[in-house]
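The next block holds one structure in the form of structure tokens; read it before the comments.
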Amino acid sequence: MIWNKEMETMSQGELRCRQGENLVKLVNTLYGKVPFYRRKMEEKGISPSDVSSIDDISLLPFTTKDEMREVYPYGLLSVEKREIVEVHMSSGTTGKSVVDAYTKNDIDIWGEVMARTLSMGGTTSDDIVQNAFGYGLFTGGFGVHYGAGKIGATVLPISGGNTKRQIDVMLDFGSTVITCTPSYSLYLAEFGKEEGVDFSKLKLRAGFFGAEPWSESMREEIESKLHLKAFDIYGLTEIIGPGVAAECEFHNGLHIFEDHFYPEIISQETGEPVKEGEKGELVITTLTKTGTPILRYRTRDITYFINEKCPCGRTLRKMHRLLGRTDDMLIIRGVNIFPSQIEQVLFRIEGVEPHYQLIVERKGHLDTLEVQVEMNEAIFSDEIRRLESLERNMEKELHSNLGIHAKVKLVEPKSISRSEGKAKRIIDKRNLR
Ligand code: DLL
């Protein structure tokens, strides 16, 4: 179902025209009201009169996460503080957080793009949305809340965690839609199964998952364990939260809501646009936000544009599901590896569970990678010799798929800690001092 037919099926020509008009407005506002951007434009020798269409975007400066942290908390505000009605922040494990300050207009936009997102999986006012994304400074909970509210669905704002209660609520209220991180959805499935829940008998129909990397194989696991259709949803605090891009029912890339968020894909090294269809770093400009609008934000997320007509009828450009981040890319003895590639290999193997951790260490001058993956109950009781042979097989598979040698260690069922939010997949001991 298409929430906003006019905007989601507009011709690319018309869209580019609108994007251009909004970019011109944005650049004038930033130049006039945000000293941080005025200085950056002056450093590049640019003034608002140099920008007249969306193609001029490449003249403008980038914004990085570090810069956003430096001006914490209010340095990017482009309106009076009294116009801000809500603030969210990213958790950030190091340094200061990045801040998104929303005006009333921005909250409306957020509701709109999240209504589009949830409609892609067929959500209507008849649905009961169990929102297990965290409510708080994190954007997941409120983003889904505003979108579901706009559609008129019933929201259960249960937030993350308290897994027993999640299962009870799902049974008692007949939730038809679930929203959470993909790793938490698998934990819910596992927990529910132990409690004797038969998910095929529940009313769950669709799930919207995001906020962390996942893969096609993980989608299959989730769909078969929870008996629903799983949709990938993408977003980030710096831009708005969830609601930047989402999958339609064809599950072949995420439509970017480019009337609000203008996407570019650049080479991470040169900062220049990559060739059509090549992968690179996603850069986003907020075209319509008014609280803390951002120019050419370097997301560090890696993807590529899928330039094909989508059978769903939307004309909004699509990007491939994220391939990784420029900063979680592991470089093991010169080979670039994304955790998602390892995940793809592991999940094809019989007897292992979708819970794993990657441990990177440096021994002497050499990096080593250990993949710890949980075995299921069925093979746990097997002879040690059989388990060892399974480990060697997985090592062979990883070697032939990725070209690196990794040590695989099968660990006991349930020994890898579960997360209610984003899963921690990588333990990089090379950073320890
Ligand atoms: O995670 C916003 C969000 C909430 C998205 C709920 C989707 C659902 P941050 O905490 O600022 O915001 O983290 C943003 O998470 O740059 C990506 O690296 C990663 N990420 C978000 N969605 C996906 C996804 C929220 N679908 C960072 N696939 C982003 C892979 C994702 N990674």
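When you scan the range 160-177, do you find a residue that is crowded, with 23+ Cβ neighbours inside 10 Å and under 30 Å from Gly324 (Cβ atoms), even just one?
Yes, the conditions are met somewhere in the range 160-177.
Taking strands (runs of 3 or more DSSP E) as the structural unit, those lying wholly within the range 131-211 and holding at least 3 residues that are farther than 14 Å from Lys422 by Cα correspond to 154-156, 206-210. Flag: Gly121 matches the condition of being within 18 Å of Ser185 (Cβ to Cβ), within 18 Å of the chain's Cα centre (by Cα) and in contact (Cβ under 8 Å) with a residue 40 or more places away in the chain. For the range 250-260, filtering for residues that are within 18 Å of the chain's Cα centre (by Cα) and either more than 20 Å from Arg18 (Cβ to Cβ) or not in a strand (DSSP E or B) (or both) leaves 7. Hey, any hits in the range 384-397 for a residue that's touching a helix residue (DSSP H, G or I) at 6+ places or on another chain (Cβ under 6 Å), crowded, with 19+ Cβ neighbours inside 10 Å and of a type outside the set (Lys, Arg)? No, every residue in the range 384-397 fails to be touching a helix residue (DSSP H, G or I) at 6+ places or on another chain (Cβ under 6 Å), crowded, with 19+ Cβ neighbours inside 10 Å and of a type outside the set (Lys, Arg).
Counting only strands (runs of 3 or more DSSP E) that sit wholly inside the range 321-420, those with at least 3 residues that are within 27 Å of the chain's Cα centre (by Cα) are 330-332, 335-337, 352-363, 366-375. Counting only residues that are buried (at least 24 other Cβ atoms within 10 Å of the Cβ) and among the charged types (D, E, K, R), which one in the range 100-131 is nearest to the ligand (Cβ to nearest atom)? The selected residue is Asp100. Considering each of Gly161, Gly141, Gly149, Gly134 in turn, give the residue that is within 20 Å of Ala245 (Cα to Cα), more than 12 Å from the ligand (Cβ to nearest atom) and of a type outside the set (Val, Ile, Thr). Answer to the check: Gly149. If the condition is being touching a strand residue (DSSP E or B) at 6+ places or on another chain (Cβ under 9 Å), more than 15 Å from the ligand (Cβ to nearest atom) and part of a loop (DSSP other than H, G, I, E, B), then the range 261-288 contributes Ser267, Gly271, Glu272, Val274, Glu276, Gly277, Glu278, Leu287, Thr288.
The combined condition, being closer than 30 Å to Arg16 by Cβ and without any contact (Cβ under 8 Å) to a residue 60 or more places away in the chain, is fulfilled by Glu67.
Looking at the range 331-356, which of its residues are more than 13 Å from Met218 (Cα to Cα) and within 15 Å of the ligand (Cβ to nearest atom)? Phe338, the sole residue that qualifies. One residue stands out in the range 193-219 among those that are within 16 Å of the ligand (Cβ to nearest atom) and of a type in the set (Asp, Glu): the one that is surrounded by the most Cβ atoms within 10 Å (Cβ to Cβ), namely Glu212.
Residues of the range 1-36 that are in contact with a His (Cβ under 9 Å, 6 or more places away or on another chain) and of a type in the set (D, E, K, R): Glu8 alone. There is no residue in the range 285-300 that is under 27 Å from Glu223 (Cβ atoms), charged (D, E, K, R) and assigned by TED's automatic domain parsing to the domain that holds Val177.
Take the conditions in contact (Cβ under 8 Å) with a residue 40 or more places away in the chain and at positive phi and apply them to Gly403. Does it pass? Judged against the criteria, Gly403 is a match. Evaluation of Lys225 against the conditions (1) more than 16 Å from the ligand (Cβ to nearest atom); (2) in contact with a Phe, Trp or Tyr (Cβ under 8 Å, 6 or more places away or on another chain); (3) touching a residue at least 60 places away in the same chain (Cβ under 8 Å) shows that the sole unmet condition is (3).
Screening Asp100, Asp66, Asp50 for residues that are charged (D, E, K, R) and under 26 Å from Arg314 (Cβ atoms) leaves exactly one candidate, Asp100.
Apart from one condition, Ala245 fits all of (1) within 16 Å of the ligand (Cβ to nearest atom); (2) buried (at least 21 other Cβ atoms within 10 Å of the Cβ); (3) outside any strand (DSSP E or B); the exception is (3).
The values are calculated or read from the model by the stated rules, or taken from the named source; none is laboratory data. This is a predicted model, so every value here is computed, not measured. Methodologically, a virtual Cβ is constructed for each residue, glycine included, from the backbone with ideal geometry; neighbour enumeration extends over all protein chains shown.
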